[in-house]
Number of protein chains: 2
Amino acid sequence: MIPVKSYAALSKTDSLAPFGFERRAVGEKDVLIDIMYCGVCHSDIHMARSEWGPSLYPIVPGHEIVGRVSEIGAGVTKFKVGDLAGVGVFVDSCRKCDCCKSDLEQYCDEGMTGTYNGYERDGVTPTFGGYSSKIVMDEHYTLHIPFTSQLEAVAPLLCAGITTWSPLKFAGVGKGHKVAVMGLGGLGHMAVKFAASFGAEVTMLSTSASKEVDAKKLGAQHFILATDEAAMKKAACSFDFILNTVAAPHDMNAYLNLLKLNGTMLLVGIPPEDNRINAAKLISKRRSILGSMIGGIKETQEMLDYCAEHNIVSDVEVIAMKDINAAYDRVLKSDVKYRFVIDMATL
Amino acid sequence: MIPVKSYAALSKTDSLAPFGFERRAVGEKDVLIDIMYCGVCHSDIHMARSEWGPSLYPIVPGHEIVGRVSEIGAGVTKFKVGDLAGVGVFVDSCRKCDCCKSDLEQYCDEGMTGTYNGYERDGVTPTFGGYSSKIVMDEHYTLHIPFTSQLEAVAPLLCAGITTWSPLKFAGVGKGHKVAVMGLGGLGHMAVKFAASFGAEVTMLSTSASKEVDAKKLGAQHFILATDEAAMKKAACSFDFILNTVAAPHDMNAYLNLLKLNGTMLLVGIPPEDNRINAAKLISKRRSILGSMIGGIKETQEMLDYCAEHNIVSDVEVIAMKDINAAYDRVLKSDVKYRFVIDMATL
């Protein structure tokens, strides 16, 4: 067994605090990763606080992990000691279902194994995430990190990056498309970068006028203030795609109205309550809403390779581990551009 | 001007009653149709009673019309006197926008001209529907009826038929697909017939156990009682497509759960209030919801030709014009298999 240091919540009401425990020993197909950086995803907060149903305590959050391989099992072929390695939202899946066999492990029929707040496939061993000094990973579920610098800014690609990349790719977004992005946070800022990189004409839709300058720096060509009724009316029926990253309650009908004939809303945000949808908004222009969840291992690697080639990383604010609780408070106030990343050397 | 007899409501609270007025004279590209049959669509009731916003009174409902051409304008090339002819949900559109130019007149940028409860393109002349002895139609918006008998059962194809045909075709439904149909009414019974005819394996989803026998007669191979929680759970993730014809409030999430990875709900029903959609239901299996509205003139003709070739018609109950108010009451109780059609000889 491998002793590790972590930051964890020990109950629903605890703040995160230092915590020591053991990781499983490195198995035949496992790699041991010394964690260098871990992004702070909004879902870390939800799960640390049991806001998505009861969590398993102690909980060690973190699923945007970049580190270096320090030990490998006898059967490992994909990594060698010293390689950079990444971990995203899941660490295992059934490996037998059609989804797993077609590189869509995130949709595994039996359910993927979450990087934290879940159980290993044995159903009893809890999984622990990246707010930690080390993680033991099956090599199949581990990503190569084809970067030599900016590793702190690479970490959020493992969740915020792939979550927006996958629906844009699945929908075939590219040159000639008008794409709007709803929400300029961790996911939204990656959506703008990707859609612009794919050649689309990108518009940021935001309820904060203050986001315009930044959205344009990130690659958006246009900005629409979603509270400006005249502007929203003028933009009716004008987008091929809207990528909806908003996890707060919002009037989806007002945005559906902006889609062209055959336009699609790509949905990746999960608000705390159901969205209300006026059927006529979809029917009147043959519009659709398509959900998408992170991405498979193969697709995540493709994204990382593309990002390295095109020099695309996240915009991040690096923090020390001890500042995590303050960072959580700031995330809840949307006071971050656009992702906090923990420097694990500070643990 | 052409004097006609009609059944109309003169105000929101009036029942339908005999009404005499004049139709526009037959123009150069117009045909005059002596109406033989007109289907009774649920939307007739909504609009007769101003349930979809204020209607224009007097209102002559009816947009599932079959009749015979009795006069043609000098420039008409598509019809000759004596031809059978059909009219669906719209009678005109702008003819200039991309939708109109690509045979998708129903999605016209300027809005289609409804067969009734609307205005001609001049913006002032009201349109009147099929509960009438005659209708004057531009030939472009008039369908050929390639049947020689069962004309009463052909009439509902003009709305109930094309409304379900179009999304099934757009989605590419066919052999190898598992398709569920929600709601066994005027639309649902056509959806079952079409999906079965296209080679799909069809399941009827209904909240009434009494629908099972009929659904199977219409071509469904399976039946699931939607109130049976165990059966619904067992059917999770099993359908490629669900055609949702339900216009009453319903728990859409329970049905979305039945879609496979990449499965699509084809939405044609408009409930009186917004549907509530749990984003996670879409995201967790990359599911989508696609709206669809009737069909264009070209596609409607293709459907009629296919129906004639494959002997597909609606199941109807023919009524006399004087019984229309009783028929409305029965439609509201779902007491019809599956469409009332008015025999206009009784007017």
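Observations on the model:
- The C-beta contact set for the stretch B:304-322 (first residue acidic (D, E), second residue part of a helix (DSSP H, G or I), distance under 7 angstrom, 6+ apart or interchain) comprises B:D315/B:H189.
- Selection within the stretch B:91-111 - over 15 Å from A:N262 (Cα atoms) and part of a helix (DSSP H, G or I): B:K101
- Residue under evaluation A:A279, criteria (1) without any contact (Cβ under 8 Å) to a residue 24 or more places away in the chain; (2) touching a strand residue (DSSP E or B) at 6+ places or on another chain (Cβ under 7 Å); (3) surrounded by fewer than 18 Cβ atoms within 10 Å (Cβ to Cβ), criterion not met: (3)
- Of the criteria (1) assigned to a helix (DSSP H, G or I); (2) under 26 Å from A:Y107 (Cβ atoms); (3) within 14 Å of chain B (Cβ to nearest Cβ); (4) not small (G, A, S), which one A:K281 fails: (2)
- B:G188 meets all of the listed conditions (1) part of a helix (DSSP H, G or I); (2) among the small types (G, A, S); (3) facing chain A (nearest Cβ under 10 Å) but one, namely (3).
- Every residue from the stretch B:103-118 that is hydroxyl-bearing (S, T, Y) and either in contact with a Gly (Cβ under 6 Å, 6 or more places away or on another chain) or free of Cβ contacts under 8 Å to residues at least 24 places away in the same chain (or both): B:T113, B:T115, B:Y116
- Condition check for A:Y37: within 19 Å of A:Y7 (Cα to Cα), in the same structural domain as A:L10 (by TED's automatic domain parsing), in contact with an Asp or Glu (Cβ under 9 Å, 6 or more places away or on another chain) and surrounded by fewer than 18 Cβ atoms within 10 Å (Cβ to Cβ): no
- Of the residues making up the stretch A:284-303, those that are more than 24 Å from B:A280 (Cβ to Cβ), within 14 Å of chain B (Cβ to nearest Cβ) and touching a residue at least 12 places away in the same chain (Cβ under 8 Å) are A:K285, A:R286.
- Among the candidates B:Y338, B:Y255, residue that is buried (at least 18 other Cβ atoms within 10 Å of the Cβ), touching a Gly at 6+ places or on another chain (Cβ under 6 Å) and not small (G, A, S): B:Y338
- Qualifying residue in the stretch A:255-274 (condition: part of a helix (DSSP H, G or I) and more than 8 Å from chain B (Cβ to nearest Cβ)): yes
- Restricting A:P167, A:P126, A:P156 to residues that are over 14 Å from the mean Cα position of the chain (by Cα) and not hydrophobic (A, V, I, L, M, F, W, C) narrows the list to A:P126.
For (1) in contact with a helix residue (DSSP H, G or I) (Cβ under 8 Å, 6 or more places away or on another chain); (2) closer than 30 Å to B:K169 by Cα, each residue gets a yes or a no:
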residue: A:A209; (1), (2): no, no
residue: A:V213; (1), (2): no, no
residue: A:H222; (1), (2): no, no
residue: A:E229; (1), (2): no, no
residue: A:N257; (1), (2): yes, yes
residue: A:E299; (1), (2): yes, no
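- From the options A:G130, A:G161, residue that is crowded, with 24+ Cβ neighbours inside 10 Å, away from chain B (no Cβ under 14 Å) and assigned to a loop (DSSP other than H, G, I, E, B): A:G130
- B:I242, sole failed condition from (1) in a strand (DSSP E or B); (2) within 13 Å of chain A (Cβ to nearest Cβ); (3) surrounded by 21 or more Cβ atoms within 10 Å (Cβ to Cβ): (2)
The values are calculated or read from the model by the stated rules, or taken from the named source; none is laboratory data. Bear in mind that the values here come from a model prediction, so they are computed numbers and not experimental data. No Cβ is skipped: glycine too gets one built from the backbone with ideal geometry, and neighbour counts run over all protein chains shown.
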